[in-house]
1. Figure the gain on full extension for residue 61 and residue 268 (residue separation times 0.36 nm, minus the Cα-Cα span) and round it to one decimal in nm.
2. Which residue, 91, 31, 59, tops the fluctuation ranking in a GNM of the chain built on C-alpha contacts under 10 Å?
3. Which residues' amide hydrogens lie under 5 Å from the amide hydrogen of residue 7, considering only partners 5 or more residues apart or on another chain, with H built in the peptide plane?
4. How many nm is it between the label spots at residue 256 and residue 280, if each spot is 7 Å from the Cα in line with the beta carbon?
5. Suppose all protein chains stay in the model; what accessible area per residue would a 1.4 Å probe give for the stretch 165-308, in Å²?
6. Within the stretch 287-303, name every residue whose backbone N is under 12 Å away from a label modeled 7 Å from Cα of residue 120 along the Cβ vector.
7. As a check on your grasp of the helix formula, calculate [θ] at 222 nm for the chain: sum -39500 (n - 2.57) over DSSP H runs of n ≥ 4, divide by the residue count, round to the nearest 500.
8. Within the set of other residues whose C-beta is less than 15 Å from the C-beta of residue 289, count the net charge using Lys and Arg as +1 and Asp and Glu as -1.
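The values are calculated or read from the model by the stated rules, or taken from the named source; none is laboratory data. Quick caveat: nothing in here was measured; it's all calculated off a predicted structure. Positions of Cβ are generated from backbone atoms using ideal geometry, with glycine treated the same way; all protein chains shown enter the neighbour counts. Keep in mind that these areas ignore ligands, DNA and RNA; they rest on the heavy atoms of the full protein, side chains included. Shrake-Rupley method; radii C 1.70, N 1.55, O 1.52, S 1.80 Å.
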Amino acid sequence: MNGAYHVPVLAREVVEGLVVDRDGVYLDATAGGGGHSAAVLAALGPTGRLIAADRDPEAVAETRQRLSPWGGQVTVIHGDFAALRDTVATAGVPALNGVLFDLGVSSHQLDTPARGFGFREEGPLDMRMDPETGESAATLLARLAEADLARILYDFGEERQARRIARAVCRQRQEQPVATTADLRRAVERTHPERLTKTLARVFQALRIAVNGELVQLEQGLRAAASLLLPGGRLAVIAYHSLEDRLVKQTMGPLLLGCICPPALPVCACGREPAFRRVQVRARRADAAEIGANRRSRSASLRFYERV
Ligand SMILES: C[S@@+](CC[C@H](N)C(=O)[O-])C[C@H]1O[C@@H](n2cnc3c(N)ncnc32)[C@H](O)[C@@H]1O
């Protein structure tokens, strides 16, 4: 596996739970460095197919190269969750046996200072997963009202000092633009948080979610994936923080419901059947050995849903 780009999390568990038919068609909606994609392909038979998509052009290039040994069994496409239906249509596939979402950013994105996702090294405050689209974090920070920034930090970072930090950022930008990761870090440090690293992680996470519209994208992606799955097909989602995990449960929850008649009705009149079932009630977590080898896996939470 190409550990330099990204080490896939819970790879064995993903393959075991996702590949229900070795000759089926699968979509990896978050190809990254192609690690999960390669593991899925290795489990497929000669007629099995995989579509690998990512909104980051660097990830698409990496995945294309990594998966080239599988030739015509693979289609790699540049596309985000909002365009998931188009991605699948472009690959010429009517329906899917499995879809994987391994959420968030890859180690490569996080560890490349020029992408602006990390606070440990200095780089331009960009944070766009697709650098060709949308507004960078620096542009966002230059134009947001203080109250709107505070809301982003609170809603997407669950940061309790959101208002103080927003005030510090706005004060700093009066002196000079908050244009680099180090500028943002300095503004946060000015608030003297009790646990600086955790606070920085929450602030950077919140901005990243806002810049990339991550939660809206996730909901759209899950709905599109759910509508494309064949009966018996599986959806696998790896979430890394509570906002993602909560949204997965909220979006999939209504699809698990059967009859919605009032309890007083003696027989069912709605005839509604659940569209999905949960494969396991509890999320799968990485074991101690995996966490020891790959720290990123410590917060991973893997859920499977099966189309009924
Ligand atoms: C955790 S990494 C995936 C790593 C991958 N599973 C592997 O084994 O290398 C998440 C990837 O999802 C992509 N991504 C995140 N949100 C996306 C979205 N809304 N649409 C498409 N790709 C997205 C990111 O660009 C990143 O490359």
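1. 69.3 nm is the gain from fully extending residue 61 to residue 268.
2. 91
3. The list, which skips near neighbours in sequence, is 107.
4. Taking the simple label geometry, residue 256 and residue 280 are separated by 1.4 nm.
5. Here the per-residue accessible area is 52 Å².
6. What the label zone holds, given the 12 Å backbone N cut-off, is 295-296.
7. On the way: 13 runs with 130 residues, N = 308.
Mean residue ellipticity at 222 nm (helix-derived): -12500 deg cm²/dmol.
8. Values: positive: 12, 284, 285, 295, 296, 298; negative: 13, 287, 290.
Result for the local shell: +3.
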